Amino acid sequence: MKQSKRRVLVTGGAGFIGSHIADAYIAAGDEVWIVDNLSSGRRENLPGDAHFVELDIRDAEIRNLFREVRFDLVNHHAAQIDVRVSVLDPARDASINLLGLLNLAEAAIEVGTERFVYVSSGGVVYGEPEEIPTPEIAPKLPLSPYGVTKLTGEYYLNYYRVVRGLSYVALRYSNVFGPRQDPHGEAGVVAIFCNRMLSDEPLTIFGDGEQTRDYVFVRDVVAANMLSSNVSMGDEAGLDARAFNVGTGVGTSVNKLADVVESIAEKAPGRILQPERPGELRHSTLNASVLRGRGWAPAFTLEQGLRETYEHIAKQRSDNAE
Ligand SMILES: NC(=O)c1ccc[n+]([C@@H]2O[C@H](COP(=O)([O-])OP(=O)(O)OC[C@H]3O[C@@H](n4cnc5c(N)ncnc54)[C@H](O)[C@@H]3O)[C@@H](O)[C@H]2O)c1
């Protein structure tokens with residue numbers, strides 16, 4: 001693949017992770033377009049040097065954009081990301097996460113896009129895994145419509161690769177955290193904890209707080225995307241041969257996370273214990289040794305990532321207060 005001035009499309013580039021990815025392609029010298037409908041993304045996340053197209057990924061206009069720009073690389077981060085929304089409205093989840101994907105994949109094939117990077121989710125495609133840290137080859141038994149659409153996206157891309165010649169890589173993220181994560185949803189416990197701490201409010205812990213997650217810092221996720229944009233892939237059959245888990249392999253309990261946030265904030269406004277939430281996974285940690293074998297490794301400790309996130313949220317709050 002060409003190394004300089006590739007034409008790169010980042011979908012969801014006004015969102016948390018996608019905006020960091022767009023920054024990284026620009027820093028690498030690529031020309032970047034962002035497609036986002038701003039349903040959860042924000043204009044202030046958009047890198048100044050990117051071309052912004054406010055558009056839904058399901059829109060027929062996508063085909064014209066591809067014909068006009070002829071993207072070398074597509075990095076697809078736009079999605080309906082909320083598990084609870086997917087449970088309440090599975091058709092909406094499938095519409096965005098599957099019909100949107102098909103629109104992009106058909107367009108990419110038409111113009112001969114060289115690589116399609118797709119974001120799946122290691123936190124949901126394995127369901128309640130037996131093996132922890134979970135490797136790519138573990139059984140895939142998603143327990144939410146969101147998990148089903150993320151996995152089905154991989155099946156579609158496998159079809160597009162085998163039958164229509166589209167080269168793709170699927171990244172199965174664990175729990176990503178970092179600056180620009182939306183603190184207002186339920187998804188970003190790190191952002192929620194940082195915000196509550198900055199408001200001197202107690203942290204809410206569901207259940208005994210010993211449930212574990214694999215928290216991976218967004219800059220490490222960016223590095224995984226840059227690698228996947230260029231890495232050569234073999235012809236081995238099957239979904240798992242095209243998928244990389246992206247996680248640290250370390251499970252961190254909610255109690256431990258609260259401890260680290262308190263030590264960074266140098267205060268402890270207390271904790272409120274709430275009953276366990278039904279349907280929540282007990283443990284989820286990914287084995288990323290396949291990606292490590294390709295030269296990737298997390299460069300940030302949990303503490304380093306949390307400190308940067310905390311400082312970013314603190315600055316944002318003081319800027320907003322002015
Ligand atoms: N945050 C995590 O821990 C995590 C874990 C696993 C996978 N992922 C995946 O990473 C990707 C990015 O997630 P995020 O956490 O940055 O969320 P986010 O909500 O910040 O980003 C999603 C972006 O997609 C845009 N979008 C949504 N629907 C769209 C549509 N129909 N057309 C165009 N744009 C649309 C939103 O406006 C937003 O900017 C998603 O695919 C998500 O499933 C995230």
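Values for this structure:
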{"quantity": "Test: E68 is assigned to a helix (DSSP H, G or I) and either within 16 Å of the ligand (Cβ to nearest atom) or at pLDDT below 95 (or both)", "calculated": "no"}
{"quantity": "Qualifying residue in the stretch 14-31 (condition: within 13 Å of the ligand (Cβ to nearest atom), closer than 24 Å to L151 by Cα and not in a helix (DSSP H, G or I))", "calculated": "yes"}
{"quantity": "Selection count, the stretch 295-321, where residues are in a loop (DSSP other than H, G, I, E, B) and crowded, with 16+ Cβ neighbours inside 10 Å", "calculated": "3"}
{"quantity": "Hey, N97 within 13 Å of the ligand (Cβ to nearest atom) and under 19 Å from the mean Cα position of the chain (by Cα) or not", "calculated": "yes"}
{"quantity": "Pairs where the first residue, in the stretch 116-129, is outside any loop (DSSP other than H, G, I, E, B) and the second is of a type in the set (S, T, N, Q) and within 13 Å of the ligand (Cβ to nearest atom), C-beta under 6 Å, 6+ apart", "calculated": "V117/N75"}
{"quantity": "Test: S121 is surrounded by 24 or more Cβ atoms within 10 Å (Cβ to Cβ), closer than 26 Å to R213 by Cβ and within 10 Å of the ligand (Cβ to nearest atom)", "calculated": "yes"}
{"quantity": "Positions within the stretch 99-115 being surrounded by 19 or more Cβ atoms within 10 Å (Cβ to Cβ) and either of a type in the set (A, V, I, L, M, F, W, C) or in a helix (DSSP H, G or I) (or both), in sequence order", "calculated": "G100, L101, N103, L104, A105, A107, A108"}
{"quantity": "Selection within the stretch 198-223 - out of contact with any strand residue (DSSP E or B) (no Cβ under 7 Å at 6 or more places or on another chain) and either in the same structural domain as R317 (by TED's automatic domain parsing) or among the basic types (K, R) (or both)", "calculated": "L198, S199, D200, E201, G207, D208, R219"}
{"quantity": "Of residues in the stretch 34-47 being under 17 Å from N64 (Cα atoms) and out of contact with any helix residue (DSSP H, G or I) (no Cβ under 6 Å at 6 or more places or on another chain), the one farthest from the ligand (Cβ to nearest atom)", "calculated": "V35"}
{"quantity": "Any hit, the stretch 45-61, residues being at pLDDT below 95 and not β-branched (V, I, T)", "calculated": "yes"}
{"quantity": "Options L141, L227, L157: the member that is farther than 19 Å from R277 by Cβ, in the same structural domain as E44 (by TED's automatic domain parsing), among the hydrophobic types (A, V, I, L, M, F, W, C) and buried (at least 21 other Cβ atoms within 10 Å of the Cβ)", "calculated": "L157"}
{"quantity": "Failed condition for E266, given (1) over 25 Å from the mean Cα position of the chain (by Cα); (2) at pLDDT below 95; (3) among the acidic types (D, E)", "calculated": "(2)"}
{"quantity": "Output for the stretch 32-48, where each listed residue is assigned to a loop (DSSP other than H, G, I, E, B) and surrounded by 12 or more Cβ atoms within 10 Å (Cβ to Cβ)", "calculated": "N37, L38, S39, S40, G41, R42, L46, P47"}
{"quantity": "Criterion violated by G249 - all others in (1) crowded, with 17+ Cβ neighbours inside 10 Å; (2) at negative phi; (3) of a type outside the set (S, T, N, Q) satisfied", "calculated": "(2)"}
{"quantity": "Residue under evaluation I34, criteria (1) closer than 20 Å to P179 by Cβ; (2) over 21 Å from the mean Cα position of the chain (by Cα); (3) modelled with pLDDT of 95 or more, criterion not met", "calculated": "(2)"}
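The values are calculated or read from the model by the stated rules, or taken from the named source; none is laboratory data. Treat the numbers as computed from the prediction; the structure is a model and nothing was measured. When we count neighbours, we look across all protein chains shown, and the Cβ atoms used for this are built from the backbone with ideal geometry, even at glycine.
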